[in-house]
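Worksheet: the structure to be examined is printed underneath.
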Amino acid sequence: MPGPRVLLVVTGSIAAYKACEVVRRLQDRGVEVRVAMTRNAGEFVSPLTFAALSGHRVLVSSFDDERPERIPHVRWAEESDAFCVVPASADFIAKMALGIADDFSSTLHLAFAGPVLVAPAMEDQMWRHPAVRENVDKLSARGVVIVQPTAGPLASGRHGLGRLAEPPDVVDAIMEVLVTEPIERSLAGMRVLVSAGPTHEHFDPVRVLTNPSTGKMGYAVARAAARLGADVILVSGPTQIVEPAGVEIVRVVNAEEMRREMVDHTAAADIVVMAAAVSDFRPVAPVSEKLQKSAADAMSWEVERTPDILEELRRLGGRRTLVGFAAETSDLEARAREKLDRKGCDLMVANLVEAGVTGFEVDTNEVVILDRLGGRVPAGPAPKSDIAFTIIDAILGFRQRLGVASREKAG
Ligand SMILES: Cc1cc2nc3c(=O)[nH]c(=O)nc-3n(C[C@H](O)[C@H](O)[C@H](O)COP(=O)(O)O)c2cc1C
């Protein structure tokens, strides 16, 4: 079966070069990509680059197509499954909001009837401008998926909100837009609480004890749960990734804050997924002023255990399903099964941490999902976005078997 087909519009932003990686990653996921560019985008990356990457001619003007007898914007629109603007300049967003069609890319936008996604990139000041805010709101109200820009260093050298979301996150969002088959809202009416990301345990205002978790797995679970119809709260440690649409985000920094938020929100939850990589230790006596490194050649810090959040959530009792994560570098299943028993949770998602392949800091994962009824579901290696759906399926399968088991016991 031919793969899905994406129209990728590249506009005049310094982040245009990142669209090259987006094209490659989409192809790796079986997507056929055709690129259209604004004339200004060509100031940043040559159309030749995208032609070579995509294997298709790149159109900038409506009037330089080799088959003008079949009107190019109509033909391209008919032959595509999604229209994605990566990166989207403030100017192109404004044109989309107003329906202006003064070049090939903007004309294509109006000729296209399917799902539309926009990944903006611009200076912080531009992103916050009321005109841009109004235009983005207008597109959102029209059902356009906005891949929120992230905070970080900008082209100007300043720091702020407006960086193009990282290419793997943009690709995940495009893949979601491409899912056209109706998704069964298997979590409708349910409340799902997810924790994600690392925690930062401060020694002083500029030094932290943490780990390399990016938060991607937890965010993927939150996004998948929202897509399946759940009300989702995501308690997130410090991360740099795109916030999932339709999810309530609670930001925390350290383990104690994460504990407090998780405990507060657990009572109302049907399913709790503790995917955060909470730091096991924290400094006993953090200081509020930056320590001067000239103060000593060597330093020792006393650290103490952070609260065991999973354990505390289990003690809260209730009929909710409690899911833990176990990242191990060896003896995966035995250790995860032991952790499942010791922590008394319902399911344990065990993942092997292999530098650069699965686990931390990468987009793929390979897991085994164990449950306390003896269930075992292996998944991956696969993108974390796919693994997230398998985890939810395993949770629902467990709840179903538990319901049957307790009915049998009662009967
Ligand atoms: C070096 C440089 C970088 C730029 N980066 C951005 C950007 O990231 N986002 C943006 O909206 N505009 C950016 N601009 C301004 C746009 O290129 C300009 O508004 C242009 O008219 C956009 O045209 P287009 O939307 O037709 O591609 C940049 C301009 C320059 C010179």
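The values are calculated or read from the model by the stated rules, or taken from the named source; none is laboratory data. None of the values given here were measured: they were computed from a predicted structure. No Cβ is skipped: glycine too gets one built from the backbone with ideal geometry, and neighbour counts run over all protein chains shown.
Kindly evaluate A327 against the criterion of being touching a strand residue (DSSP E or B) at 6+ places or on another chain (Cβ under 7 Å) and small (G, A, S). Judged against the criteria, A327 is a match. Against the list (1) more than 23 Å from V31 (Cα to Cα); (2) free of Cβ contacts under 8 Å to residues at least 60 places away in the same chain, the condition M190 fails is (2). Going through the stretch 99-130 one residue at a time, which ones are more than 12 Å from the ligand (Cβ to nearest atom) and farther than 28 Å from S62 by Cα? Selection gives R128, P130.
Matching residues to (1) touching a residue at least 60 places away in the same chain (Cβ under 8 Å); (2) hydrophobic (A, V, I, L, M, F, W, C); (3) crowded, with 22+ Cβ neighbours inside 10 Å:
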position	(1), (2), (3)
F92	yes, yes, yes
M96	no, yes, yes
F104	yes, yes, yes
L110	no, yes, no
R128	no, no, no
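Of the residues examined, K409 is one that is modelled with pLDDT under 85, surrounded by fewer than 20 Cβ atoms within 10 Å (Cβ to Cβ) and not in a strand (DSSP E or B).
Of the residues making up the stretch 148-188, those that are part of a loop (DSSP other than H, G, I, E, B) and either more than 18 Å from D81 (Cα to Cα) or hydroxyl-bearing (S, T, Y) (or both) number 16.
Restricting G157, G152, G162 to residues that are within 14 Å of the ligand (Cβ to nearest atom), more than 21 Å from V9 (Cα to Cα) and in contact (Cβ under 8 Å) with a residue 12 or more places away in the chain narrows the list to G152. Scanning the stretch 22-61 for residues that are more than 16 Å from the ligand (Cβ to nearest atom), among the acidic types (D, E) and assigned to a helix (DSSP H, G or I) gives a single hit, D28.
The single condition from (1) in a helix (DSSP H, G or I); (2) of a type outside the set (D, E, K, R); (3) in contact with a Gly (Cβ under 7 Å, 6 or more places away or on another chain) that G3 fails is (1).
Would you mind stating whether D81 is within 29 Å of the chain's Cα centre (by Cα), within 11 Å of the ligand (Cβ to nearest atom) and surrounded by fewer than 21 Cβ atoms within 10 Å (Cβ to Cβ)?
Details: within 29 Å of the chain's Cα centre (by Cα): yes; within 11 Å of the ligand (Cβ to nearest atom): no; surrounded by fewer than 21 Cβ atoms within 10 Å (Cβ to Cβ): yes.
It is false that D81 is within 29 Å of the chain's Cα centre (by Cα), within 11 Å of the ligand (Cβ to nearest atom) and surrounded by fewer than 21 Cβ atoms within 10 Å (Cβ to Cβ).
Tallying residues that are within 16 Å of the ligand (Cβ to nearest atom) and in contact with a Lys or Arg (Cβ under 9 Å, 6 or more places away or on another chain) within the stretch 1-21 yields 4.
Looking only at residues in the stretch 220-269 that are part of a strand (DSSP E or B) and of a type in the set (A, V, I, L, M), which one is nearest to I146 (Cα to Cα)? Filtering first and then ranking leaves I249.
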